[in-house]
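Worksheet: the structure to be examined is printed underneath.
Each value in this text was obtained by applying a stated rule to the coordinates, not by laboratory testing. Remember, it's a predicted structure, so these values are computed and weren't measured experimentally. Positions of Cβ are backbone-derived with ideal geometry, glycine not excepted, and every protein chain shown enters the neighbour counts.
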Amino acid sequence: MNPAHQPSHVLGSAVTPTLAQPDRPAGAPPGTRVLRAGSLSVLVPLRAVLVAVAAGLALAAAVVWSAAVGSFALSPWEAARAMVGQGTPTAVLLIQKIRLPRIVAGMLAGAALGLAGCLTQTISRNRLATPNTLGVNEGAALAILAVVLATGNSLGPWWVGPLGGLAVALALLLISGGPGTRSYRFLVVGIALAALIDAHINLVLAQEHITTATAVFAWTVGSLAGRGYLVALPVAVALAFLLPLVLLVGRPLSVLQLGEEVAASLGVPVRRVQVAVMLLAVTLAGLAVGIGGPIAFIAMAAPILASRLSEPTRVPLILSGILGALLVVVADTLGRVVAGPVEVPVGVVASILGGPFLLWVLFRETSARGF
């Protein structure tokens, strides 16, 4: 038959172009999309992005709620307007000069703790291996406490915390032999170091005058009282520099979850990555301790929640930071308002909420191993 005399619908089916499919290359994981900019392309996990956006919205709501409640309560709308300088002079002064600086400091401390916890848990492949249980937080707290008591200032230099945490991390690596295949030895040595340093902190406080010891004690258990932009600024600047480095190690960390032997066979420099990750985690934890002291359980809870909400094959670094900030803001707000005029330190609230969470993690770990 002459093609010119074929039915029109046959010709139409042969020449009609198909609609363009979503930009997902062959072999790409399901639930991902590719963003292209010229010759550059980025594989975007949709679920991780949606969860991070939802967590960011929850954090924004928690910030407004924290700014609104207190001895002088405001509506959420009044608090949100006061944040941008609108509303009555009293509301603007209360929010911008008193409550918001403390909230920002807590957010930065929580984000740093969430990132540090995600790094240490991933590199050691143990959910309980966090800067708090490994003694890093206590080492940073002891260094800051020594400087504060020696100089009489209410705050130590911002770099003292990371140096104290680094000293403990070096001792931990030398004694345990490193993370990875020795994860349980790594964790046990860290717990021993944390207990030893915590005893030294209590010994130092016991030798101080009761007035000085009382003023410092709240900070040693984790407190944001009196914290503001002065302590938050160095941490914000450090996070701006450290966050790209954290994201850079995210890819080899994902491979390291498969085991050191598999990662080495795929070309990952295992030891160098482990050292870089530990240095980043120690620095982040030390900066967070410089703001609010050794706040417990945040570095453990935030990465665990982030891994439950996101894909199990990815290291949820960004989500851990957002959830860490959210947990600190919520815990600090509860400590301010639940007990009335008496303020409960954020570290105490985090410990009260974190105890049952730790039991849940332990039960899950035990049931997963079948004993």
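Looking at the calculated P(r) for the stretch 221-371, what percent of the C-alpha pair distances fall above 25 Å?
40
Quick one: Kirkwood hydrodynamic radius for the stretch 53-121, alpha-carbon pairs, angstrom, one decimal?
Final number for the Kirkwood radius of the stretch 53-121 is 12.9 Å.
Just to be sure I understand the model, the point goes 7 Å from the Cα along the line to the Cβ. What's the resulting residue 313 to residue 65 distance in nm?
Result for the modelled spin labels: 3.5 nm.
Where is the GNM fluctuation largest for the chain (alpha-carbon springs, 10 angstrom cutoff): 153, 126, 137?
The residue that fluctuates most here is 153.
Taking the chain as a Gaussian network, where each spring joins two C-alpha atoms under 10 Å apart, which residue of 342, 160, 51 fluctuates the most?
Greatest mean-square fluctuation among the candidates belongs to 342.
Using only the alpha-carbon atoms, how far is helix 270-292 inclined from the longest principal axis of the chain? Give it as 0 to 90 degrees, nearest 10.
Orientation of helix 270-292: about 50 degrees from the principal axis.
Taking amide hydrogens as modeled 1.01 Å from N in the peptide plane, which residues meet the under 5 Å criterion relative to residue 34, leaving out close sequence neighbours?
Amide H neighbours of residue 34, under 5 Å, 5+ apart: 23, 44.
Report the local net charge at residue 249: Lys and Arg +1, Asp and Glu -1, summed over other residues whose C-beta lies under 14 Å from its C-beta.
+4
Provide the three semi-axes, in whole Å and in decreasing order, of the ellipsoid equivalent to the stretch 97-249 as defined by the square roots of 5 times the Cα gyration tensor eigenvalues.
26, 22, 12
If the viscosity is 1.306 mPa s and the temperature 10 °C, what translational diffusion coefficient in µm²/s does Stokes-Einstein give for the stretch 37-88 when Rh comes from Kirkwood over Cα pairs?
117
Spelling out what I want: for every residue of the stretch 353-363, take phi, set θ = phi - 60°, compute 6.51 cos²θ - 1.76 cosθ + 1.60 (Karplus), and round to whole Hz; glycine and proline get x.
6, x, x, x, 5, 5, 4, 4, 5, 5, 5
Would you kindly derive the ³J(HN,Hα) couplings of the stretch 331-346 from the backbone phi angles with the Karplus curve 6.51 cos²θ - 1.76 cosθ + 1.60 (θ = phi - 60°), listing them in order in whole Hz, with x for Gly and Pro?
5, 5, 5, 4, x, 7, 10, 6, 8, x, x, 7, 8, 9, x, 4
Can you give the convex hull volume per residue for the Cα atoms of the stretch 80-185, as a whole number of Å³?
118
If the viscosity is 1.567 mPa s and the temperature 4 °C, what translational diffusion coefficient in µm²/s does Stokes-Einstein give for the stretch 296-337 when Rh comes from Kirkwood over Cα pairs?
Taking Rh from Cα pairs, D becomes 122 µm²/s.
For the stretch 172-224, what size does the Cα cloud have along each of its three principal axes, sorted from largest down, in whole Å?
47, 24, 13 Å, listed from the longest principal axis down.
Which whole-Hz couplings ³J(HN,Hα) result when phi for each residue of the stretch 237-244 is put into the Karplus expression 6.51 cos²θ - 1.76 cosθ + 1.60, θ = phi - 60°, listed in order with x for Gly and Pro?
Ordered by residue, 3J(HN,Hα) equals 5, 5, 4, 4, 7, 7, 4, x Hz.
How much mean residue ellipticity at 222 nm does the chain get from its helices, if each DSSP H run of length 4 or more adds -39500 (n - 2.57) and you divide by all residues, to the nearest 500 deg cm²/dmol?
Mean residue ellipticity at 222 nm (helix-derived): -22000 deg cm²/dmol.
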